[in-house]
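The values are calculated or read from the model by the stated rules, or taken from the named source; none is laboratory data. These numbers come from a predicted model, not from an experiment. Positions of Cβ are generated from backbone atoms using ideal geometry, with glycine treated the same way; all protein chains shown enter the neighbour counts. Remember, those area values only see protein heavy atoms, side chains included, never the ligands or the DNA or RNA. Shrake-Rupley method; radii C 1.70, N 1.55, O 1.52, S 1.80 Å.
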Amino acid sequence: MTPTRTTALAAAAALALAGAVAGCGGSDDDGRVQASGTTAGAHAGHDMEGMDMGGTTGAPPSQADQQAHASTMQMRRLGTATAGDRKVELDVSDPTTFTVPEGGRFVTHRPRKGENAHVMLMLSDAETGDRLPDATITLRIVDAAGKVVSSGPQYPMIGMGMGLHYGDNVTIPKAGKYTAQLVVGPPMIGRHGDVAKRWTATTRAEIPFTWEGDAR
Ligand SMILES: [Cu+2]
């Protein structure tokens with residue numbers, strides 16, 4: 001490993017890698033993602049490790065590699081809801097490693113012990129289906145008895161072939177019926193005049209779903 005790189009090129013490469021890593025499904029018991037062509041496995045044990053897309057440890061994943069990963073990513077739709085002028089879709093996969101910008105650098109989050117799902121919230125305009133970036137989504141997962149089993153703000157991220165979503169790795173204790181309670185803030189992005197008055201309110205939505213015990 002070489003010291004942290006701060007060039008724009010490295011940042012762009014890290015972004016590209018973040019997509020490839022976030023799009024890769026399977027992880028083994030100690031939390032490493034099987035991602036050929038990346039350095040993801042080399043950092044196992046460092047919980048909060050800055051992303052290093054150095055040229056010394058191998059080339060970026062080829063297009064063929066990326067397509068192979070996309071085709072092995074198992075995603076399942078749990079439900080959808082309409083929140084005013086927005087639509088939210090809740091998908092789930094196995095817990096996965098993802099990389100997010102925090103404090104001016106990229107930080108990699110690996111699945112923690114006990115986490116058994118990666119939740120993905122696709123936020124879009126209810127009419128056009130355009131995916132909406134730069135929003136905030138807070139998710140609470142509540143069981144049938146009303147107990148909160150997971151709660152927190154969701155990270156914006158991109159995965160191969162799935163596009164922009166908001167998500168995190170979570171623990172869903174056992175098979176059964178749950179409700180995803182969402183608070184969705186407005187996308188803080190520039191708008192043309194024809195959408196200036198859309199998506200301006202903070203809205204709530206609920207997506208009831210059945211958890212089978214794993215993501216597949
Ligand atoms: Cu994700």
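If Ala68 satisfies every condition in (1) at pLDDT 95 or above; (2) away from the ligand (no atom under 16 Å from the Cβ) but one, which is the exception?
(1)
Would you tally the residues in segment 164-200 being farther than 13 Å from Val119 by Cα and open to solvent by less than 10 Å² (accessible area, probe 1.4 Å)?
Of the residues in that region, 3 qualify.
Residue-by-condition table, conditions (1) surrounded by 19 or more Cβ atoms within 10 Å (Cβ to Cβ); (2) away from the ligand (no atom under 16 Å from the Cβ); (3) within 30 Å of Arg198 (Cα to Cα):
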| position | (1), (2), (3) |
| --- | --- |
| Leu78 | yes, no, yes |
| Val92 | yes, no, yes |
| Val107 | no, no, no |
| Pro111 | yes, no, no |
| Gly114 | no, yes, no |
| Ala126 | no, yes, yes |
| Arg131 | no, no, yes |
| Val142 | no, yes, yes |
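Can you tell me which of Thr203, Thr210 is surrounded by 16 or more Cβ atoms within 10 Å (Cβ to Cβ), among the hydroxyl-bearing types (Ser, Thr, Tyr) and more than 16 Å from the ligand (Cβ to nearest atom)?
Selected residue: Thr203, the only one of Thr203, Thr210 that is surrounded by 16 or more Cβ atoms within 10 Å (Cβ to Cβ), among the hydroxyl-bearing types (Ser, Thr, Tyr) and more than 16 Å from the ligand (Cβ to nearest atom).
Output the qualifying pairs, or none if there are none: Cβ atoms under 7 angstrom, residues six or more apart or on different chains, first residue in segment 179-201 and closer than 19 Å to Gly152 by Cβ, second residue at pLDDT 95 or above and in a loop (DSSP other than H, G, I, E, B).
The qualifying pairs are Val183/Thr202; Val184/Ala135; Val184/Thr202; Gly185/Ala135; Gly185/Thr136; Gly185/Thr202.
Can you name the number of the only condition in (1) in contact with an Asp or Glu (Cβ under 9 Å, 6 or more places away or on another chain); (2) surrounded by fewer than 16 Cβ atoms within 10 Å (Cβ to Cβ); (3) in contact (Cβ under 8 Å) with a residue 60 or more places away in the chain that Gly161 fails?
So Gly161 meets the others, but not (1).
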